[in-house]
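Reading through the structure tokens given below for one structure.
A short reminder: the numbers here are calculations on the coordinates, not readings from a lab. Because the structure is a prediction, the values reported are computed rather than measured. Because the Cβ atoms are built from the backbone with ideal geometry, glycine has one as well, and the counts that use them run over all protein chains shown.
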Amino acid sequence: MNDIFFCRNDILELIYQSDFQGSDFTCPLDYLSVSGNAPILLFRDTWVARDIRGSRFGQSLDDLSYHFETRLRNTQKLPFQVQCSWNGVAILNPKPFYDKDPILFRRSHSDKGECSASECSLLCNDFWSRGYRRIVAVPEILVSYSLHDAVLLDTYYDRALKTIKTLNEKIKYVDGPQKILCVGLEGNNIIEPDMPGIWVNYTTGETKVQ
């Protein structure tokens with residue numbers, strides 16, 4: 001968990017969805033606001049989040065991905081499958097951390113030509129490489145990094161609660177992409193990626209999701 005503002009029941013919902021969806025990695029969406037007559041909430045973690053095609057999320061909370069099934073499920077605020085997500089907090093399958101050859105939060109292996117992605121992106125990739133490939137975002141749950149943004153949630157939640165859901169809550173998992181878009185950060189004392197995006201292989205194993 002990052003240094004976020006969150007509602008207790010939202011964390012319980014993430015735990016529930018992790019169990020219900022049988023997922024290995026379950027996340028909310030994080031957001032920031034743009035001031036105006038009516039503040040606009042925008043998706044925040046575009047550096048890490050990748051849809052199931054391997055593309056970056058957009059910033060509009062209502063239009064995160066061009067992937068058809070993702071767009072449809074997000075419109076109804078239902079959990080959807082992704083290649084990677086973190087977004088402030090994640091409910092993780094603990095097995096990869098104590099299994100044979102346990103994974104760690106790590107830096108990229110730049111000496112081996114690995115793209116200098118976020119440690120959260122690399123964690124997703126390491127989950128994929130070890131066969132833990134069910135990664136889910138729950139758009140009904142939002143978290144923020146400031147009290148100013150946290151108090152803006154009521155309107156979003158009111159709208160989400162009124163959303164008519166016609167699709168099955170249960171995700172039908174599909175196989176992952178062959179490559180993902182990686183945007184590296186190689187400079188010192190900066191917090192924004194400074195390298196052009198490149199499409200890279202992200203797993204040493206298969207991309208099949210079972």
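I'd like the distance between the alpha-carbon centres of region 159-210 and region 29-92, rounded to an integer number of Å. The two parts, judged by their Cα centres, are 10 Å apart. Evaluate E = 1/(1 + (r/R0)^6) for Asn188 and Met1, where r is the Cβ-Cβ distance and R0 equals 25 Å; express this FRET efficiency to the nearest 0.05. Computed FRET efficiency for Asn188 and Met1 comes out at 0.40. Placing a label point 7 Å from the Cα of Tyr16 along the Cα-to-Cβ line, the residues of region 148-183 whose backbone N sits under 19 Å from it are 154, 156-172. Springs between Cα atoms under 10 Å define the GNM used for the chain, and in it the highest mean-square fluctuation of Ile198, Ile141, Ile11 occurs at Ile198. Between (i) 12.3; (ii) 13.4; (iii) 11.4, which entry matches mean projected area of the Cα convex hull in nm² as derived from the coordinates of this structure? Computing mean projected area of the Cα convex hull in nm² and matching it to (i) 12.3; (ii) 13.4; (iii) 11.4 gives (i). Of the residues Leu61, Tyr202, Gly36, the one whose Cα sits farthest toward the positive end of the charge dipole of the chain, with +1 on the Cβ of Lys and Arg and -1 on the Cβ of Asp and Glu, is Tyr202. Here is the list for region 95-153: trypsin sites (Lys or Arg not before Pro) lying in DSSP coil, each with at most 15 other C-beta atoms within 10 angstrom of its C-beta, are Lys100, Arg106, Arg107.
Length gained on full extension, Arg107 to Ile164: 16.3 nm, using 0.36 nm per residue less the C-alpha separation.
Excluding same-chain neighbours fewer than eight residues apart, the lysines reachable from Lys77 by a Cα-Cα span under 16 Å are Lys162, Lys165, Lys170, Lys172.
When region 135-182 is described by a simple charge dipole with +1 on each Lys and Arg Cβ and -1 on each Asp and Glu Cβ, the residue from Leu142, Tyr157, Pro177 located farthest towards its positive end is Pro177.
Straight-line reach from Lys100: taking Cα to Cα under 27 Å and skipping same-chain neighbours fewer than 8 places apart, the lysines in range are Lys112, Lys179, Lys208. As a proxy for reagent exposure, Trp199, Trp47 were ordered by neighbouring Cβ count within 10 angstrom, fewest first; the result is Trp199, Trp47. For the chain, relative contact order (Cα pairs under 8 Å, six or more residues apart, normalised by length) works out to 26 percent.
Helical content alone sets the calculated 222 nm signal of the chain at -6500 deg cm²/dmol, taking -39,500 (n - 2.57) per DSSP H segment of four or more residues and averaging over every residue. Projecting the Cα atoms of Ser110, Pro94, Gly22 onto the charge dipole of the chain, computed from C-beta unit charges around the Cα centre, puts Gly22 farthest toward the positive end. Simple point charges give the picture: +1 on the Cβ of Lys and Arg, -1 on the Cβ of Asp and Glu, and for the chain a dipole about the Cα centre of about 640 debye. Ranked for footprinting exposure by Cβ neighbours inside 10 Å, fewest first, Glu186, Glu13 give Glu186, Glu13.
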